[in-house]
1. Select from the range 91-114 the residues that are out of contact with any strand residue (DSSP E or B) (no Cβ under 9 Å at 6 or more places or on another chain) and surrounded by 23 or more Cβ atoms within 10 Å (Cβ to Cβ) and list them in ascending order.
2. Report whether or not Gln213 is without any contact (Cβ under 8 Å) to a residue 60 or more places away in the chain and touching a strand residue (DSSP E or B) at 6+ places or on another chain (Cβ under 6 Å).
3. So, of the residues in the range 155-187 that are crowded, with 22+ Cβ neighbours inside 10 Å and in a loop (DSSP other than H, G, I, E, B), which turns out to be nearest to the ligand (Cβ to nearest atom)?
4. If Leu52 meets every condition in (1) assigned to a helix (DSSP H, G or I); (2) modelled with pLDDT of 95 or more apart from one, which number is that one?
5. For the range 73-114, how many residues meet the condition of being in contact with an Asp or Glu (Cβ under 8 Å, 6 or more places away or on another chain) and closer than 20 Å to Leu47 by Cβ?
6. Counting only residues that are near the ligand (Cβ under 7 Å from one of its atoms) and modelled with pLDDT of 95 or more, give me the helices (runs of 4 or more DSSP H) lying completely in the range 74-154 with at least 3 of them.
7. For the range 193-233, what are the residues that are at pLDDT 95 or above, closer than 26 Å to Gln93 by Cα and outside any strand (DSSP E or B)?
Amino acid sequence: MKTLLLFVLSMVTGAREAAAQDAECDRERAAMVETIRAYAQSDTRALGQQGLSERVLEAMGQTKRHLFIPGRSCSIAYADSPVPIGLGQTISQPYIVALMTQLAAVAPDHVVLEVGTGSGYQAAILARLARKVCTIEIIPQLAETATKTLKDLGYDNVSVRLGDGYQGWPECGPFDAVVVTAALGEVPPPLIDQLKVGGRLVMPVGPGYATQQLTIVEKTAPGKTTTRAVGLVRFVPFTRSQE
Ligand code: SAH
């Protein structure tokens with residue numbers, strides 16, 4: 001009887017601790033959103049005077065970043081910093097995720113391609129804003145973990161594929177927006193081919209492990225694009241499959 005009582009008591013205490021922890025995570029996530037909102041207002045080079053849209057900020061506020069990182073620590077997840085996700089890769093700083101999402105100009109009926117699934121966090125943000133997200137990851141373990149995380153969290157409009165994203169994913173497109181989250185010296189031509197006219201590609205262009213120019217390519221007509229660099233960023237390299 002006494003053992004049963006102790007057991008029930010420890011269950012109640014455990015549930016209370018979990019609820020308190022959830023509330024703390026919610027507070028830290030809300031603070032992160034305010035940090036990136038404020039930061040965006042000073043980043044006029046990338047965003048103009050408008051800053052980030054409420055839609056993007058709302059998606060950042062609703063997506064539980066801590067569930068995408070190893071250890072699931074909220075104090076780590078909601079600091080505005082990149083976080084290692086294993087195998088030499090990192091999940092980008094939240095501000096950069098929000099910025100790239102904003103620059104991709106994602107609308108509710110859009111089909112979006114992401115190259116570089118990593119943890120699946122950027123894909124989850126895009127999935128809240130678009131109709132369908134197709135994301136490609138070259139490292140098998142990361143593709144597998146991200147697939148599971150996204151499925152467990154109920155993101156049923158995201159498809160994850162293992163492979164080299166250089167060739168894009170024609171069967172999933174054409175795309176209204178493409179977001180590349182690994183750095184390469186040039187924009188892969190297949191990604192432009194798979195972009196709709198009027199669509200946008202956002203990508204860090206430059207060498208890996210150094211600084212790159214965050215670049216927006218807009219497809220203005222078949223075979224025609226305009227390119228604009230909006231600021232310096234630091235991404236892990238875009239690797240090519242070893243054929
Ligand atoms: N968007 C991710 C972070 C990406 S880090 C997130 O939200 O967590 C960059 C990712 O790009 C890494 O996981 C890396 O393995 C992947 N990557 C690098 N080259 C690639 C390629 N050619 N095709 C697909 N993914 C690639």
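The values are calculated or read from the model by the stated rules, or taken from the named source; none is laboratory data. None of the values given here were measured: they were computed from a predicted structure. So basically every Cβ, Gly included, is an ideal-geometry build from the backbone, and we count neighbours across all protein chains shown.
1. Answer for the range 91-114, where residues must be out of contact with any strand residue (DSSP E or B) (no Cβ under 9 Å at 6 or more places or on another chain) and surrounded by 23 or more Cβ atoms within 10 Å (Cβ to Cβ): Pro94, Ala98.
2. Spelling it out, Gln213 is indeed without any contact (Cβ under 8 Å) to a residue 60 or more places away in the chain and touching a strand residue (DSSP E or B) at 6+ places or on another chain (Cβ under 6 Å).
3. Here the answer is Thr181.
4. (1)
5. 8
6. Ranges flagged: 121-129.
7. Gly206, Thr211
For every residue, the table says whether it meets (1) out of contact with any Pro (no Cβ under 8 Å at 6 or more places or on another chain); (2) loosely packed, with under 12 Cβ neighbours inside 10 Å; (3) hydrophobic (A, V, I, L, M, F, W, C); (4) under 19 Å from Ala177 (Cβ atoms).
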site	(1), (2), (3), (4)
Pro204	yes, no, no, yes
Tyr209	no, yes, no, no
Ile216	yes, no, yes, yes
Ala221	yes, yes, yes, yes
Val230	yes, no, yes, yes
Ser241	yes, yes, no, no
